[in-house]
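As structure tokens, the structure follows; a few thoughts come after it.
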Amino acid sequence: MTGKTVQEQNETAVKKLHRWLGQAEAVVIGAGSGLSAAAGLTYSGPRFFALFPEFIAKYGMTDMYSAGFYPFEHQEEKWAYWSRHIYYNRYDQPAGAVYTQLLALVKKKNYFVLTTNVDHQFWLAGFEESRIFAIQGDYGLFQCKRACHSRLYDNEPQVRAMLEKQKNCRIPSELVPKCPVCGGNMEVNLRCDRFFVEDRKWHQAAERYEAFIRQNSGKRILFLELGVGMNTPGIIKYPFWQMTWQNPGARYACINLGEAIAPAEIEERSLCINGDIGTVLSCG
């Protein structure tokens with residue numbers, strides 16, 4: 001008697017995942033960069049080469065992630081790159097199919113989203129704003145680089161102007177964003193140092209997430225982790241493992257191409273699928 005093939009094992013796991021979704025009294029979605037990659041928002045390869053050819057030639061950039069840490073000498077250069085990065089990952093992107101597939105699965109459920117993604121895809125797909133906590137920030141917001149005050153600023157008009165008027169990997173000096181309070185440089189609202197601004201909306205979203213966890217403690221709760229790697233496991237992955245272990249009625253499901261794992265302590269209540277998120281969500 002032969003065992004199941006990998007394909008058969010995955011098909012069985014997908015059916016089990018959809019059964020778990022149906023049985024859950026609450027669903028906590030933990031979303032990482034792999035979810036957006038599954039939606040087509042890749043940061044390397046053909047998409048990067050097509051969108052940033054002159055930046056690649058001038059600075060030797062290899063992908064959008066590492067390019068985000070490039071030590072630009074001048075603000076005019078920095079914002080030429082970043083306006084293009086923001087535009088193509090935040091403003092020139094409709095909701096990815098994988099996000100709309102996910103919404104179709106949970107929109108009638110008691111759900112909440114915790115995400116490290118900063119591309120606004122959950123909002124674009126139609127998830128309820130009151131059920132989303134984007135813990136790492138948003139490409140669409142500017143803040144004071146030194147966090148001299150806690151207000152965030154929508155940046156779409158500025159980003160579009162920078163994109164339109166950039167030339168030779170530079171923007172005009174008058175378009176460099178400056179803090180309206182201290183006059184210093186502005187930054188994208190991304191958690192990268194101790195100056196990350198957590199404004200009133202951020203704290204309200206954090207409180208709603210914590211309240212959701214409290215209110216559903218002890219219920220049949222499904223922690224559904226999508227595309228979360230080991231870059232920042234302390235935000236989603238480790239807490240999901242711990243909360244599953246603490247609640248006997250909880251289950252943990254992970255879909256991640258190449259990194260679908262769970263600790264032995266919760267193995268019997270875990271489901272790890274090594275596959276494409278979009279394919280898994282569209283089946284069953």
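Within the shell defined by Cβ-Cβ distances under 11 Å, the residues around Phe240 carry a net charge of +1, with Lys and Arg each +1 and Asp and Glu each -1.
With a cut-off of 20 Å on the backbone N, the residues of the stretch 118-140 near the modelled label site 7 Å out from Tyr59 along Cα-Cβ are 118-119, 138-140. Expressed as a fraction of 2.2 N^0.38 Å, the C-alpha radius of gyration for the stretch 222-284 is 1.06. With bins 10 Å wide beginning at 0, the percent of Cα pairs of the stretch 6-282 falling in each bin runs 6, 27, 32, 21, 11, 2, 0. The base-10 log of I(q)/I(0) for the stretch 185-240, evaluated at q = 0.13, 0.15, 0.20 Å⁻¹, reads -0.50, -0.65, -1.01 [Debye formula, identical scatterers on Cα atoms, solvent excluded]. Debye sum, Cα scatterers, the stretch 52-162, no solvent: what log₁₀ I/I(0) at q = 0.14, 0.16, 0.22 1/Å? Treating every Cα as an identical point scatterer, log10 I(q)/I(0) equals -0.69, -0.86, -1.28.
Every number in this text was worked out from the coordinates using simple rules, so none of it is lab data. Every value quoted in this text rests on a predicted model; they were computed, and no experiment measured them. All Cβ positions, even for glycine, are placed from backbone atoms using ideal geometry, and neighbour counts span all protein chains on display.
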